[in-house]
Amino acid sequence: MLEDESPWKKRFERERKARKEAEQLLEQKSSEVYDINKNLEKLIYERTLALEEALKNANAAKEAKANFMANMSHEIRTPMNGIIGFTQLLSETTLDTTQKEYVEIIESSTKTLVSIINDILDYSKIENGKMQIELIDVNLKKELTDNFMLFSNNAKEKYLKYNFYIDEKINENLYLDIHKIKQVMSNLISNAIKFTSNNKSINIKIVLKKDLYNSQIILFSILDEGIGIALDKQKTIFEAFSQADNSTTRKFGGTGLGLNISSSIVKLLGGELKVESQESKGSNFFFELQFEKSKKKEQIQMPLKKNITINNKNLKILLVDDNEINLLLISEILKKLKITSFTLAKNGQIAINKCLENSFDIILMDINMPILNGVEATNILRKEHHIKTPIIALTANSLEGDKDKFLENGMDDYLSKPFTLEKFIEIINKYS
């Protein structure tokens, strides 16, 4: 008879068996974890590729949209320059009463169209994050007073009581982006006049809310007695392409971008555009902004009269443009200004040839041209032929950064189409 196994041996066998089972289980679980990790890595890799592809497509779409906006701007502004320029020239000729009325209608219509184009371009800049804030030392009270006066005639035409108040306690000089603030206020005032019927009132108030040590918080408000906005529409009124309802668009027109642009600009400036309104009673659009005080004292300057004549009529000018209408328009303007020595070139290569044959005092250079564009021609003139003649970009390209790009490529200045006769004379005098 065999002796019974030692209890210690039995215990050892049980522990060895348990350890073996545990090792097998651990190996099995490790294998499962490895497979899971492998699948997870594959899934993450595939998801990353998908996200990268989606981002690539989104950026491509964004770039395509930006290019479309730039091209659309150029294609619209080029013929608009001809319409506005020739209308200005026509208005200065001898016209009978009916003809003057027709010319005024054309001028008014072109201003409306330019305003719509600018709205679309501003919306594009905001959407692409390209709208920038430029803070300068400004007398806000004076600038806004001048701005508000521009709308007084529009209000008079509708027999509106047009009142504006600017708090005297507002600092004389503040750091702010006056162009953006004027753009917002102009849009809100235009809307107030447009949507308010005859013999009612519009009240504009600029009030100091808080006077801090280094800054001031100012409240801007435009209160009208217009058609008002339904409560359920007030939440969407600041969205792009949105108006209170379709009948508003039919009756009053507009792109539906003005309030969206104004709201976005106010946000960029650090505030929020809000509205309080009741249907048939009117609306109050308002926002608060904080501005840093200027440390320098206000300087009193004598107003300068705009120079509407050419200082030097003996200028030799080279005009480079591939558009026949623009060539004709600027030729007529130069003749009107008694500048008779000017040469035409329809592309950048012809311009270079002309510059090698003759010397000029000023070169007016379009940008988008066949064979050689304006930037390419300028680079060749500056770098290869060392020509120092002032070159002014005269172009319909007017998106954010265009001016800086032209100056970086050797041009001396920039005038965007459509331009006014006054702006054209101003820039010619600057380099004459």
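Determine the pairs where a residue that is on the phi > 0 side of the Ramachandran plot, located within the range 190-201, has a partner that is exposed (fewer than 15 other Cβ atoms within 10 Å of the Cβ) and not small (Gly, Ala, Ser) with Cβ atoms under 9 Å apart, the partner being 6 or more residues away or on another chain.
Short answer, once both residue conditions are applied: Asn199/Tyr159; Asn199/Lys161.
Only residues in the range 146-167 that are assigned by TED's automatic domain parsing to the domain that holds Thr196 and over 16 Å from Asn199 (Cα atoms) count as the first member; pair them with residues that are loosely packed, with under 14 Cβ neighbours inside 10 Å and not basic (Lys, Arg), Cβ under 8 angstrom, at least 6 apart or cross-chain, and list the lot.
Filtered contacts from the range 146-167: Phe164/Thr145; Ile166/Thr145.
Just to check your reading of the model, which residue among Ile310, Ile325, Ile333 is assigned to a loop (DSSP other than H, G, I, E, B) and either β-branched (Val, Ile, Thr) or within 21 Å of Ser416 (Cβ to Cβ) (or both)?
When all the criteria are applied, what remains is Ile310.
Quick grid of which residues meet (1) touching a Gly at 6+ places or on another chain (Cβ under 8 Å); (2) under 23 Å from Glu288 (Cα atoms); (3) at pLDDT below 90; (4) crowded, with 17+ Cβ neighbours inside 10 Å:
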{"site": "Ser186", "(1), (2), (3), (4)": "no, yes, yes, yes"}
{"site": "Ile189", "(1), (2), (3), (4)": "no, yes, no, yes"}
{"site": "Leu208", "(1), (2), (3), (4)": "no, yes, no, no"}
{"site": "Leu219", "(1), (2), (3), (4)": "no, yes, no, no"}
{"site": "Leu231", "(1), (2), (3), (4)": "no, yes, yes, no"}
{"site": "Ala244", "(1), (2), (3), (4)": "no, no, yes, yes"}
{"site": "Ser264", "(1), (2), (3), (4)": "no, yes, yes, yes"}
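On the given criteria, is Ile363 farther than 15 Å from Asn81 by Cβ, hydrophobic (A, V, I, L, M, F, W, C) and part of a strand (DSSP E or B)?
yes
Across the range 316-343, what is the number of residues that are closer than 19 Å to Tyr414 by Cα and aliphatic (A, V, I, L, M)?
Selection size over the range 316-343: 9.
Filter the range 353-388 down to residues that are small (Gly, Ala, Ser) and touching a helix residue (DSSP H, G or I) at 6+ places or on another chain (Cβ under 8 Å), then give me how many there are. Steps first, answer last, please.
Start the filter on the range 353-388 by keeping residues that are small (Gly, Ala, Ser), which leaves 359, 374, 377.
Those still in the list that are touching a helix residue (DSSP H, G or I) at 6+ places or on another chain (Cβ under 8 Å) too: 374, 377.
Matching residues across the range 353-388 total 2.
The values are calculated or read from the model by the stated rules, or taken from the named source; none is laboratory data. These numbers come from a predicted model, not from an experiment. Cβ coordinates were reconstructed from backbone atoms using ideal geometry, including for glycine residues, and neighbour counts include every protein chain displayed.
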